[in-house]
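The values are calculated or read from the model by the stated rules, or taken from the named source; none is laboratory data. If you're wondering where the values come from, they're calculated on a predicted model, not measured in any experiment. Methodologically, a virtual Cβ is constructed for each residue, glycine included, from the backbone with ideal geometry; neighbour enumeration extends over all protein chains shown. Remember, those area values only see protein heavy atoms, side chains included, never the ligands or the DNA or RNA. Shrake-Rupley method; radii C 1.70, N 1.55, O 1.52, S 1.80 Å.
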Number of protein chains: 2
Amino acid sequence: MVNRPTETQLLENLHTLPFFQDLDLGTTAVLAAQTRWQTYQTGEVIFWEGESAAGLYLMHAGWLKVVKTTPSGREQVLRFFGPGEMFNEIGALANQPNPATAVALEPVGLWLLPRQIMVQLMAERPLFAQHLIQQLAGRVIHLVGLVADLSLRPVVGRLASLLLTGATDDILHRPRWYTQAELASRLGTVPDVIQRALRQLEDSGVIAVERHHIRVLDREKLAEIAAQ
Amino acid sequence: MVNRPTETQLLENLHTLPFFQDLDLGTTAVLAAQTRWQTYQTGEVIFWEGESAAGLYLMHAGWLKVVKTTPSGREQVLRFFGPGEMFNEIGALANQPNPATAVALEPVGLWLLPRQIMVQLMAERPLFAQHLIQQLAGRVIHLVGLVADLSLRPVVGRLASLLLTGATDDILHRPRWYTQAELASRLGTVPDVIQRALRQLEDSGVIAVERHHIRVLDREKLAEIAAQ
DNA sequence: GTTTGTCGGCGACTTTTGTCGGATTGTGGT
DNA sequence: ACCACAATCCGACAAAAGTCGCCGACAAAC
């Protein structure tokens, strides 16, 4: 269970986002008054694919995944979202059914900025609309990269890239929720294959796999493998 | 070589697009005056991945593909574009380097709406910005679908889907540029695999493959295969 | 009409990815 | 400390996708 932050914390949080930096104090206050606090348990669904969405979500605590799922249960993670990040622009603002499903990976607390007030902001404030366009452009760029990865690169290469970009100080920390299954789903494959790939990289001496983190031993060689 | 249409044809063309429907006559005229006519030969590149782009492109004649390419030469088609369609919102309006490359598949004639005037419209006209947001949302939705397809469905399934959605009156016409190689690149695989997949579908009697078109014989069975 | 290049077709083979059953090891709850 | 569950690990196997070499058919160019 995640405790509800104070109104002040929300206001500070809003102000750190480029999205809302340009708004005057009055508008921000109205916005803050309209947002709803919501919490979810591990495994709970924030929204389903196909629903038209309630509004923009602003993460406060916890992590979640946005996924596409097959009837057989296999899934592809589009992105993980953590504290401070915002999502669901499509569902909230483009008047389109949401293309994917969001699931909590651990206890999540977030703010829901209702659709209606967002639509209003979008229509009235050119700068807000511009930020939104930037944000969507970012999504497109990310997805284009994902498509290219899935289509053109082998699993080991994708894993190597993820390790390189995801590691801070050559260490990729894996919280409880970040299992090999999630890693696999993120990279578009299955856990067994990830396990093999990890062992392969470990055997060639470029990484060291431990229980809750992966250490990058040889960045250069890893980058070579990633390039494939 | 594609002949340059008249100014009048351009104006008519602009007006059929939801994008520009809300503009007053004066603005449309200014817009039309600023656009540049450009032609490309088969195989010519309209823009490269990584470039920051010149503006929005409005197709008049011909077909092109937007692709990601590996050093080894394999490519993934993100989308084909034909007459009446607009592209390059990212490069033109989000101030981001373009994430992909555009290549002409046959002689192409198109209008280039310069970046600057688009940026101006975007900042001044809320409705224009809204259309842009809709357009980008469409791109995101399309890409999310592509990701899910590549990751979660086998080649035959993807091919079956393409045949179902691409066929008019149960016939998918294949112009000269629409070779098995392009089909493969569109579906994220290689020509040989497409050839096998086509033969497999033909052997099970659901389609008939001829030189310049593919006929759907059994829509229901094809839909079943597509569902896999 | 011949030539030349591209496209399509096909079988054999390799590599990569996915699947299955089961052993093993942590971890949280009691 | 014990139990139950989830996560990991592993070898063997199956299926899907990719590669290669070659041949034949068509189409534009000369």
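Overview of results
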read-out: Filter result (in a helix (DSSP H, G or I) and either modelled with pLDDT under 95 or away from chain B (no Cβ under 14 Å) (or both)) within the range A:155-169; value: A:VAL156, A:LEU159, A:ALA160, A:LEU162, A:LEU163, A:LEU164, A:THR165, A:GLY166
read-out: Residues located in the range B:166-182, provided they are on the phi > 0 side of the Ramachandran plot and either in contact with a strand residue (DSSP E or B) (Cβ under 7 Å, 6 or more places away or on another chain) or surrounded by 15 or more Cβ atoms within 10 Å (Cβ to Cβ) (or both); value: B:ASP170
read-out: Elements of type strands (runs of 3 or more DSSP E) in the range A:41-154, at least 1 residues being more than 21 Å from A:GLY166 (Cβ to Cβ); value: A:45-47, A:55-61, A:64-69, A:101-104, A:108-114
read-out: In the range B:213-228, the residues that are within 16 Å of DNA strand C (Cβ to nearest atom), within 14 Å of chain A (Cβ to nearest Cβ) and hydrophobic (A, V, I, L, M, F, W, C); value: B:ALA227
read-out: Filtered residue count, the range A:183-193, keeping only those that are outside any loop (DSSP other than H, G, I, E, B), open to solvent by less than 30 Å² (accessible area, probe 1.4 Å) and more than 8 Å from DNA strand D (Cβ to nearest atom); value: 3
read-out: Residue ID - nearest to A:GLU182 (Cα to Cα), chosen from residues in the range A:64-91 that are open to solvent by 50 Å² or more (accessible area, probe 1.4 Å) and in contact with a strand residue (DSSP E or B) (Cβ under 6 Å, 6 or more places away or on another chain); value: A:ARG79
read-out: Answer residue from the range B:47-89, given it is within 16 Å of DNA strand C (Cβ to nearest atom) and within 13 Å of the chain's Cα centre (by Cα) and is nearest to the other protein chains (Cβ to nearest Cβ) among those; value: B:GLN76
read-out: Which numbered condition A:GLU210 misses (of (1) open to solvent by 60 Å² or more (accessible area, probe 1.4 Å); (2) within 11 Å of another protein chain (Cβ to nearest Cβ); (3) within 16 Å of DNA strand C (Cβ to nearest atom)); value: (2)
read-out: Pairs with Cβ under 7 Å, 6+ apart, first in the range A:118-143 and free of Cβ contacts under 8 Å to residues at least 40 places away in the same chain and more than 9 Å from chain B (Cβ to nearest Cβ), second among the aliphatic types (A, V, I, L, M) and part of a helix (DSSP H, G or I); value: A:VAL119/A:LEU93
read-out: Conditions (1) at pLDDT below 90; (2) out of contact with any Pro (no Cβ under 9 Å at 6 or more places or on another chain); (3) β-branched (Val, Ile, Thr); number of the one not met by B:ILE46; value: (1)
